[in-house]
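Novice: So that we are looking at the same thing, I have put the structure below in structure tokens.
The values are calculated or read from the model by the stated rules, or taken from the named source; none is laboratory data. Given the structure is predicted, the values throughout are model-derived calculations rather than measurements. Positions of Cβ are backbone-derived with ideal geometry, glycine not excepted, and every protein chain shown enters the neighbour counts.
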Amino acid sequence: MSAAAPAPMPSSRPDGIVVAPMRPRHLQGVVALETATNPRPWSERLFRDELRMPTSRHYLVALRDHVVVGYCGLMYHPDEGHITTLSVDVAERRAAVATRLLLVQLRAAAERSLTAVTLEVRITNRPAQELYRRFGFAPGGIRRAYYRDNREDALIMWLHDLDQPAQLDRLDRIRAELPAPLVVAHEVRDPDDDGEPTTEGVLR
């Protein structure tokens with residue numbers, strides 16, 4: 001019997017996906033993706049209102065060739081955070097987009113001195129649950145009939161000790177296993193975007 005082929009090594013070349021802060025100019029693409037992936041989609045107004053609360057919200061987009069292919073939101077207060085939304089274009093779900101968004105979001109949470117993060121996930125969505133477990137999330141309860149489209153239960157998951165070295169090391173290991181380098185955008189001022197920062201991609 002021949003030996004199993006070794007697992008492919010992560011590429012050292014970027015694959016075109018950039019994680020950046022969500023800005024108003026991204027909302028057309030965000031809402032289009034939200035409508036395509038969520039049975040009860042958020043409105044553009046709701047996203048816009050969320051972006052107006054930077055002291056308690058942190059939203060990211062994943063872009064490929066300037067097209068929104070994913071996004072993730074975090075609401076935080078004192079030392080805890082709540083992942084409010086996470087969605088990825090169906091065509092990009094083998095490109096570790098959700099993993100990249102969570103890596104950047106959880107690192108940002110740690111930098112804000114958050115010690116715990118929670119989220120809800122459909123009780124039947126096993127692939128998403130496995131992704132969250134990889135990051136250290138564990139079940140913490142059930143919200144009955146949480147999802148209004150079909151009254152499906154939600155599994156509540158918690159990630160604790162985000163500020164501890166073991167958890168930060170976990171993030172570093174997950175990042176090292178990405179299929180391509182994690183590219184995160186710098187913010188620079190763009191006077192043509194209503195005073196909002198624009199982005200330049202850099203390796204981080």
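Novice: Run THR118 past the list (1) buried (at least 16 other Cβ atoms within 10 Å of the Cβ); (2) more than 19 Å from SER87 (Cα to Cα) and report the number of the one that doesn't hold.
Specialist: For THR118, the failing item is (2).
Novice: On to the next question. Among the candidates ARG133, ARG173, ARG94, ARG107, single out the residue that is under 28 Å from ARG13 (Cα atoms), assigned to a loop (DSSP other than H, G, I, E, B) and either touching a helix residue (DSSP H, G or I) at 6+ places or on another chain (Cβ under 7 Å) or not polar (S, T, N, Q) (or both). Break it down stepwise before answering.
Specialist: Details: ARG133 fails: assigned to a loop (DSSP other than H, G, I, E, B); ARG173 fails: assigned to a loop (DSSP other than H, G, I, E, B); ARG107 fails: assigned to a loop (DSSP other than H, G, I, E, B).
Going through ARG133, ARG173, ARG94, ARG107 in turn, the sole match is ARG94.
Novice: Moving on to the next point. Determine which member of the set PRO179, PRO139 is out of contact with any Gly (no Cβ under 7 Å at 6 or more places or on another chain), surrounded by 13 or more Cβ atoms within 10 Å (Cβ to Cβ), without any contact (Cβ under 8 Å) to a residue 24 or more places away in the chain and not aliphatic (A, V, I, L, M).
Specialist: PRO139
Let's see how each residue does on (1) at pLDDT below 95; (2) of a type in the set (A, V, I, L, M, F, W, C); (3) in contact with a Phe, Trp or Tyr (Cβ under 8 Å, 6 or more places away or on another chain):
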{"residue": "GLU120", "(1), (2), (3)": "no, no, yes"}
{"residue": "LEU131", "(1), (2), (3)": "no, yes, no"}
{"residue": "ARG148", "(1), (2), (3)": "yes, no, no"}
{"residue": "ARG151", "(1), (2), (3)": "no, no, no"}
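Novice: Looking only at region 16-71, how many residues end up being crowded, with 19+ Cβ neighbours inside 10 Å, in contact with a Leu (Cβ under 6 Å, 6 or more places away or on another chain) and assigned to a helix (DSSP H, G or I)?
Specialist: 1
Novice: In this structure, is ARG100 crowded, with 17+ Cβ neighbours inside 10 Å and basic (Lys, Arg)?
Specialist: Spelling it out, ARG100 is indeed crowded, with 17+ Cβ neighbours inside 10 Å and basic (Lys, Arg).
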